[in-house]
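Enquirer: Could you have a look at this structure, given as C-alpha cells, before my questions?
The values are calculated or read from the model by the stated rules, or taken from the named source; none is laboratory data. Since this is a predicted model, take the numbers as computed values, not measurements. Heads up, the Cβs are rebuilt from the backbone with ideal geometry, glycines too, and the neighbour counts pull from every protein chain shown.
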Amino acid sequence: MSVSQSMVDLGDRQISGQIILEARNIVAGYVDGVDILQGANLTVYEGELVTVIGSNGAGKSTLAKTIFGLVPVRSGEILFGDRSLIGLKPEQIVRCGISYVPQIANVFPSLSISENLDMGAYTREGNITEVKNKIYENFPVLAKRRNQRAGTLSGGERQMLAMGRAMMLEPKLLILDEPSAALSPILVKDIFDLIQKINQGGTSIILVEQNARKALAIADRGYVMHLGKDEFTGKGSDLLNDPEVAELYLGMGNFK
C-alpha cells in the first residue's frame, strides 16, 4: 500500500497523513448467504480517533468484529499498514498491534483487577511492571482496587478495566465496541474522557458508538453506517452539524 506522509487537516488539530488501517469494499456476515456488511469502507490515519455510528442493524459492530477477525470476510480488503488482515485469527491480529474491547464479556470476573491486566499482557515478553503502572496512572480507580475481583465492579469500572487490559499491549490501534452502553450519564462522560486521553497519548482509535452525538463531538472523523455500508463520512464536527445526518440519524434515540 502506498502511504502518504502529508498532513491531514482536521480543524482543531492536524495529524500525520499516514494510513494505519484501511478497509475497502468489505462484504462479510456471520452465516453463509447472509451479508451484514455489503461493501463497507473505513480508513484510519495514524493518531486519529474515528467513530462509527448508525441505527440498529446498520453493521457498525459487525465492521469492528470483522476487522478483528471475528467475522469471516467474503470479499474486500483490510490492510493494517502494508499487511493484509484477511484470514488472520484474532490472536494473530493482536500481535500485529491491534486491541479490541467488546461490549460485553470483556473482563474475567473471577480474577482481580491486577490479574486481569496481567492477562492483557499475555503476548508481551519481559517485565510488565512499567506498562502496568502506566495503566494505573491513567485509570486511578483501578489502582485503588487492584486486588478486588472484577466481578464485583460496577459497569463503568468494568469498562475501564477492559480498556486498561487492552492497553497493556500498547497497541497501535484500539477498537472499542459500544463502550458507553448501559452506563449512567456521569460514567459516560468519564469513559469518553478516558478515550480522548488514550488517543492523545498517540493510540489510534476506532470508536463504535450508540451515543452518536457524544462520539462525533470527540472524533476527528466519523462514518455513518446504513444497511451495511458507509452512507456518510467526514470530520466529526461536520457530520454533527450536517442537516441530513441530523434528520436521519442524530434525532434517533437508539444507536445500538
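Enquirer: Go through region 66-83 residue by residue and tally those that are over 18 Å from the mean Cα position of the chain (by Cα) and in a helix (DSSP H, G or I).
Expert: Of the residues in region 66-83, 0 are over 18 Å from the mean Cα position of the chain (by Cα) and in a helix (DSSP H, G or I).
Enquirer: Could you tell me which of the residues Ser180, Ser204 is hydroxyl-bearing (Ser, Thr, Tyr) and touching a residue at least 60 places away in the same chain (Cβ under 8 Å)?
Expert: Only one candidate qualifies: Ser204.
Enquirer: Consider only pairs whose beta carbons are under 8 Å apart and that are at least six residues apart or on different chains; among these, list those whose first residue lies in region 65-94 and is free of Cβ contacts under 8 Å to residues at least 60 places away in the same chain and whose second residue is part of a loop (DSSP other than H, G, I, E, B) and of a type in the set (S, T, N, Q).
Expert: Glu91/Thr123
Enquirer: Do we have any residue at all in region 143-164 that's in contact with a Ser or Thr (Cβ under 6 Å, 6 or more places away or on another chain) and either within 30 Å of Arg83 (Cβ to Cβ) or crowded, with 18+ Cβ neighbours inside 10 Å (or both)?
Expert: Checking region 143-164: not a single residue is in contact with a Ser or Thr (Cβ under 6 Å, 6 or more places away or on another chain) and either within 30 Å of Arg83 (Cβ to Cβ) or crowded, with 18+ Cβ neighbours inside 10 Å (or both).
Enquirer: Moving to a separate point now. Looking at (1) assigned to a loop (DSSP other than H, G, I, E, B); (2) aliphatic (A, V, I, L, M); (3) in contact with a Leu (Cβ under 6 Å, 6 or more places away or on another chain), find the lone condition where Ile86 falls short.
Expert: The number of the failed condition is (3).
Enquirer: Output the residues belonging to region 79-124 that are modelled with pLDDT under 95 and hydroxyl-bearing (Ser, Thr, Tyr).
Expert: Hits for region 79-124 are Tyr122, Thr123.
Enquirer: For region 89-141, which residues satisfy the criterion of being surrounded by fewer than 19 Cβ atoms within 10 Å (Cβ to Cβ), touching a Gly at 6+ places or on another chain (Cβ under 6 Å) and part of a helix (DSSP H, G or I)?
Expert: Hit for region 89-141 is Pro90, nothing else.
Enquirer: Oh, and also: What do you reckon, is Asn199 surrounded by fewer than 19 Cβ atoms within 10 Å (Cβ to Cβ), of a type outside the set (Phe, Trp, Tyr) and at pLDDT 95 or above?
Expert: No.
Enquirer: Can you name the residue in region 48-83 that is surrounded by fewer than 17 Cβ atoms within 10 Å (Cβ to Cβ), of a type in the set (D, E, K, R) and out of contact with any helix residue (DSSP H, G or I) (no Cβ under 8 Å at 6 or more places or on another chain) and, of all such residues, is farthest from Val27 (Cα to Cα)?
Expert: So the residue we want is Asp82.
Enquirer: Return only the number of the condition from (1) closer than 21 Å to Gln103 by Cα; (2) without any contact (Cβ under 8 Å) to a residue 60 or more places away in the chain that Leu240 does not satisfy.
Expert: For Leu240, the exception is condition (1).
Enquirer: What is the residue count in region 118-177 for residues that are in contact with a helix residue (DSSP H, G or I) (Cβ under 8 Å, 6 or more places away or on another chain), among the hydrophobic types (A, V, I, L, M, F, W, C) and touching a residue at least 40 places away in the same chain (Cβ under 8 Å)?
Expert: Residues meeting the conditions: 15.
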